[in-house]
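Everything on this sheet refers to the single structure shown next.
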Amino acid sequence: MIISTDRQKRPNDFVFERARITGREHCPFCPGHEALTPPEIMSYRQNGGAPNTPGWDVRVVPNKFPALQVEGTLDREGEGMFDRMNGIGAHEVIIETPDHDRTLAAMSEPEIERLLSAYRDRMQDLKRDFRLRYILIFKNHGAAAGATLEHTHSQLIALPVVPDFVREEIDGARRHFAAKERCVFCDIVREDLRDGRRVVLENAEIVALAPYAPRFPFETWLLPKRHGSRFEEAPRHEYASLARTIKMVLHRIDRALEHPSYNLILHTSPFSEDTSEIYHWHLELMPKLTKVAGFEWGTGFYINPTSPEEAARVLRAVKL
Ligand SMILES: [Zn+2]
Ligand SMILES: [Zn+2]
Ligand SMILES: [Zn+2]
C-alpha cells in the first residue's frame, strides 16, 4: 500500500473528484500550457525548440501529484509487527502527442513507435538508480479506466519493490522453466499459433492473442514471437511491429465494442534480477467492460462472460 499524504483528501474531495474531467482550455498537456506541469524530464522535438516550450512531439514530465518521490532514502524499518519504508520511486507522465483530441488508436504507426521509444529511453535512464527494482508503464484510456485527463498520456511508476502481480507471473514462469527448460510465454505463443482459435492477429514479430484464461472479456495480450525478457532491450523492428499491432488491435476493439475505456499495461523483467531465460515481456490490454465487485475482491477469481475463443473470433471478424 502506498499512503500518499501529498494527495491528502477530506471526505468531500472524493465526491468532487468523481465528476472532474479537464477540458482543452485548462489542459496541462496541451502545447502552450507547458508551465502548468512540473519542468520536463525529456522531450522529442523533431523541429527543435527549447525545453518547456511548444514544438515537442512526445513530452515526459513528473506527475504533479506523485504517488512516489525520487528524493530521499528508503529507510526500511519495523513498526511493531508492521513493516514500512519511505515512498521512494518515480512517477512520470508521458504525453503521447501534442494533439489534444488524438487517441492512441488514431496516432500513426511511426507516432506510436516514437512513444514506445520514449518508454524505452525512460526505462534505460531510471534503471541506473540502484534503489529502484521495477518500472511499471501503463495507460488508462477513458474515465471508466481511471483517466482523469482526456489528453492521451501514459504513466510510468518506478518502484523500490517488485509488484506482487509481476512476482506471481515470474515465479510461475520460473516453475515452468524448471520443469520443462522452456519459456512459458514462448510455449503459449507456439501453442496458440498452432491452435489458432485464440489468435487475434499476427505479423512477423508480434502476436496478439486472447489468453487461455482471461480475467476480463476481450483481454488481449501482445507478445513478441522472439524470446526476450526486457522490453527496453528489444530490437527496433520489434517496436515498429508492436506499434502496428497496437494500432490494429485498438481499431478492432473500438469497432467491435464501440470505443470502450481500456487499460494497457507493459509487463517486463524487474532489473534487480536475472530473468533472461524464464521471462518474456508483453503488453496486456484490458477493455473496461465489466465491473470488479465483491466476488472478485473476496476471492481473486474473475467471472468472465466471454470465452477467449469467442473474443478472438469477434476481433478477427471486424471489417476495418
Ligand atoms: Zn490537451
Ligand atoms: Zn519466451
Ligand atoms: Zn503479464
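When all protein chains stay in place, what accessible area (Å², nearest 10, 1.4 Å probe) is found for ARG167?
ARG167 has an accessible surface of roughly 70 Å² with all protein chains in place.
Report the relative contact order of the stretch 102-246, percent, no decimals, based on alpha-carbon pairs under 8 angstrom and at least 6 residues apart. Don't skip to the end; give the middle numbers.
Values: 152 pairs, mean separation 34.3, N = 145.
In percent, rounded to a whole number, it is 24.
Over the chain, with a Gaussian network built from C-alpha contacts below 10 Å, which listed residue (ILE157, ILE41, ILE265) shows the highest mean-square fluctuation?
ILE41
Mind checking which of ALA240, ALA213, ALA293 has the largest fluctuation in a GNM of the chain, springs on alpha carbons under 10 Å?
ALA293
Considering only DSSP states other than H, G, I, E and B, which GluC sites (Glu not before Pro) in the stretch 30-102 qualify as loop sites with at most 12 other Cβ atoms within 10 Å?
Passing sites in the stretch 30-102 are GLU71.
Nearest-5 percent of antiparallel DSSP beta bridges in the chain? Provide the component values of the computation, followed by the final result.
Numbers: 42 of 44 bridges.
Roughly 95 percent of the beta bridges in the chain run antiparallel, per DSSP.
Between ARG313 and SER117, what length comes free when the chain is fully extended (0.36 nm per residue of separation minus the Cα-Cα distance, one decimal in nm)? Walk me through the numbers on the way to the answer.
Working: separation 196, 0.36 × 196 = 70.56 nm, distance 3.14 nm.
Difference between extended and current length: 67.4 nm.
For the full complex of protein chains and a 1.4 angstrom probe, list THR220, THR5 by accessible area with the highest value first.
Ranked from most to least accessible, the order is THR5, THR220.
Which whole-Hz ³J(HN,Hα) couplings does the stretch 295-311 yield from phi under the Karplus relation 6.51 cos²θ - 1.76 cosθ + 1.60, θ = phi - 60°, glycine and proline marked x?
Computed from phi, the couplings for the stretch 295-311 are 4, 5, 5, x, 10, x, 8, 10, 9, 10, x, 10, 6, x, 5, 5, 4 Hz.
Enumerate the calculated ³J(HN,Hα) couplings along the stretch 185-200 in order (Karplus 6.51 cos²θ - 1.76 cosθ + 1.60, θ = phi - 60°), each rounded to whole Hz, writing x wherever the residue is Gly or Pro.
Running phi through 6.51 cos²θ - 1.76 cosθ + 1.60 with θ = phi - 60° gives 6, 4, 5, 4, 4, 4, 5, 5, 5, 5, 6, x, 5, 9, 7, 8 Hz.
Using a Gaussian network model of the chain with C-alpha springs under 10 Å, which one of MET81, MET248, MET123 is most mobile by mean-square fluctuation?
MET81
Could you tell me the accessible area of VAL162 in Å² (1.4 Å probe, neighbours in place), rounded to the nearest ten?
30 Å²
If I compute solvent accessible area with a 1.4 Å probe over the protein chains, what percent of it on the stretch 228-278 is carbon and sulfur?
Details: 900 of 1980 Å².
Here it works out to 45 percent.
Counting pairs on different chains as well as pairs 8 or more places apart, how many Lys pairs in the chain have Cα atoms under 30 Å apart?
26
For THR290, THR97, give me the order by solvent-accessible area with a 1.4 Å probe, most accessible first, ignoring ligands, DNA and RNA. Don't jump to the answer; show the numbers that get you there.
Numbers: THR290 45, THR97 10 Å².
Correct descending sequence by accessible area is THR290, THR97.
Which of the chymotrypsin sites (Phe, Trp or Tyr not before Pro) found in the stretch 85-161 are in a DSSP loop and have at most 16 neighbouring Cβ atoms, other than their own, within 10 Å?
Numbers: sites: TYR119, PHE130, TYR134, PHE138; in loops: PHE130.
Filter output for the stretch 85-161: PHE130.
With n ≥ 4 as the cut-off for DSSP H runs, can you work out [θ] at 222 nm for the chain, using -39500 (n - 2.57) per run divided by the number of residues, rounded to the nearest 500? Mind showing how you got there, number by number?
Values: 7 runs with 93 residues, N = 320.
Value at 222 nm, helices only, nearest 500: -9500 deg cm²/dmol.
Just to confirm, what accessible area per residue do you get for the chain at 1.4 Å probe, in whole Å²?
Details: 16590 Å² over 320 residues.
Counting only protein heavy atoms, the per-residue value for the chain is 52 Å².
Residue-wise, which Karplus ³J(HN,Hα) couplings in Hz belong to the stretch 49-59, taking 6.51 cos²θ - 1.76 cosθ + 1.60, θ = phi - 60°, and x for glycine or proline?
x, 6, x, 6, 10, x, x, 7, 9, 10, 9
Quick one: how many Å² of PHE185 are accessible to a 1.4 Å probe, rounded to 10?
Solvent-accessible area, nearest 10 Å²: 10 Å².
With contacts defined as alpha carbon pairs under 8 Å and 6 or more residues apart, what's the relative contact order of the chain in percent? Intermediate results must be reported in sequence, preceding the final value.
Values: 581 pairs, mean separation 52.6, N = 320.
Answer for the chain is 16 percent.
The values are calculated or read from the model by the stated rules, or taken from the named source; none is laboratory data. All values reported here derive from a predicted model rather than from experimental measurement. Positions of Cβ are backbone-derived with ideal geometry, glycine not excepted, and every protein chain shown enters the neighbour counts. Just the protein is used for accessible areas: all its heavy atoms, side chains included, with ligands, DNA and RNA removed. Shrake-Rupley method; radii C 1.70, N 1.55, O 1.52, S 1.80 Å.
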